[in-house]
Amino acid sequence: MAEISEIHELLESVRVTLSSSMNPNREELDRLHSELDGEIRLANKRLRECDALLAEGHRSEAIQLAEQEPNLLEVVSILDFPELPEWNDFVAELGLTVTPELQIDIATDINSAYSEDEPLERLLRKFRVLSLARAPLRSRIDLLRQIAKRDPGTAYWKDDLRSYEEVRIRQIADESRAAVSSRDVSRIRTISEELHKKPWSVKPDRRVMEKIDTAMAEIKKLDATRQLQKLTAQLKDATEADDAELARDLEERWQQLAAKCDQSSEMFQDTKDDAAVLFRWIRQADSQDAEDARHAAEVKKLSKVLRSDRSKLEDIYRQYDIVAEFSQGIPEAVQERYEARIQDIERAQKMKKMGVMGAVALAVILVLVVAGSLIFR
């Protein structure tokens, strides 16, 4: 890991590169990126080692490890520079691997360990180091807030905090104008979080807050529309897989998310047009499911009629015709039962007819016999 001064020089070179209107030399850019990436990875490695000691209850050992030169928290406070998201966007556009994020949560835990070990002195020492190193003002303010909270009886901490916050608020006004003007989404998010989640003793400028809130509202709508595009792609996959149940669930989520979008934007309208085709597929699936349900119900009725000994031939014909009108047609098994039942009924009717005819013939014979006996008596 480089010395503190070397890290400062590295970050200064990064800032110069970002602010330059000239295209950087690729070799120099690769060197800067490699060195910054390496420093952050080494810092994260040391942070994880400290975190492991803290997890085992070895607070003093973790602090000792953090204080080894260069001081870990000093390094973290320097590497946590506000231009890092901009740098990552810059190198990503050039095809370089994005620098990993600093594990600030572990640094916060280490800072808490300092507070528990030597509450105020260590905070003061860190604050002096940050001040000498000209660390970002927001980092120093965060530390000063801790000092003021730890030492509430000393009034000048609060006075200093107010002075620092007043300067920071002016900085934020400039930064917010630049961020909104350039549509720097990452920077707008950072400023919004700082304005809303930090315990300010000086009330931030209302106009700046409104400007950032308006920008954040637009960003949230844009984020929602981008999520809607992803959801539309998932919906398309569901329809292509003929998964109507999943498609219906995705449509419900789509409608909920759409309410959070800027529905007047071209991006939303294009997404809506893409989804409309998929929604029609869902309506067709709904209609088909309803048709299948009605068909199944009528087939069930036909099966019941075929099983009943009391069913008349006209009842069977009527229910059969109802089922036959559906596009799904007559199930093969039901068709076989239908044909067998019709044959049985027709056979029974034929037998009954033959029986009637036989009875009539017998009656005629009997009449002739009786008549003959009377004639020839």
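Worth pointing out:
- Relative packing of peptides 297-310, 174-187 - highest average C-beta neighbours within 10 Å first: 174-187, 297-310
- Inter-part distance where segment 189-226 and segment 240-308 are each reduced to a Cα centre, Å: 39
- Cα-based equivalent ellipsoid, segment 4-135: semi-axes from gyration tensor eigenvalues, Å: 31, 16, 11
- The label point for Ser311 and the one for Arg347, both projected 7 Å from the Cα toward the Cβ, are 1.7 nm apart.
- A Förster distance of 22 Å, applied to the separation of the beta-carbon atoms of Ala233 and Glu101, puts the FRET efficiency at 0.20.
- Neighbour net charge for Leu228 - beta-carbon separation under 9 angstrom, K R +1, D E -1: +4
- Placing dummy labels 7 Å off each Cα toward the beta-carbon, the span from Glu291 to Leu124 is 8.4 nm.
- Extension gain (nm, one decimal) between Arg248 and Arg189, 0.36 nm per residue minus Cα-Cα: 17.9 nm
- For the chain, adding -39500 (n - 2.57) for each run of n ≥ 4 DSSP H residues and dividing by the number of residues yields -28000 deg cm²/dmol at 222 nm.
- All alpha carbon pair distances within segment 229-314 were sorted into 5 Å bins beginning at 0; the resulting P(r) in whole percents reads 3, 13, 19, 15, 11, 8, 7, 6, 6, 5, 4, 3, 1, 0.
- Among (1) 17.7; (2) 36.2; (3) 18.9, the entry that matches mean projected area of the Cα convex hull in nm² as calculated here: (2)
- Cα-projected label distance for Glu93 with His8, points at 7 Å along beta-carbon direction, nm: 3.0
- Across Lys230/Lys260; Lys300/Lys352; Lys126/Lys203; Lys221/Lys272, pairs whose alpha-carbon gap is larger than 21 Å: Lys300/Lys352; Lys126/Lys203
- Kirkwood hydrodynamic radius of segment 187-341, from the reciprocal of the average inverse Cα-Cα distance over all distinct pairs: 20.5 Å.
No value in this document is a laboratory result; all are computed from the given coordinates. Quantities reported herein were computed from a predicted structural model and do not represent experimental measurements. Neighbour counts are summed over all protein chains in view; Cβ atoms, including those assigned to glycine, are modelled from backbone coordinates with ideal geometry.
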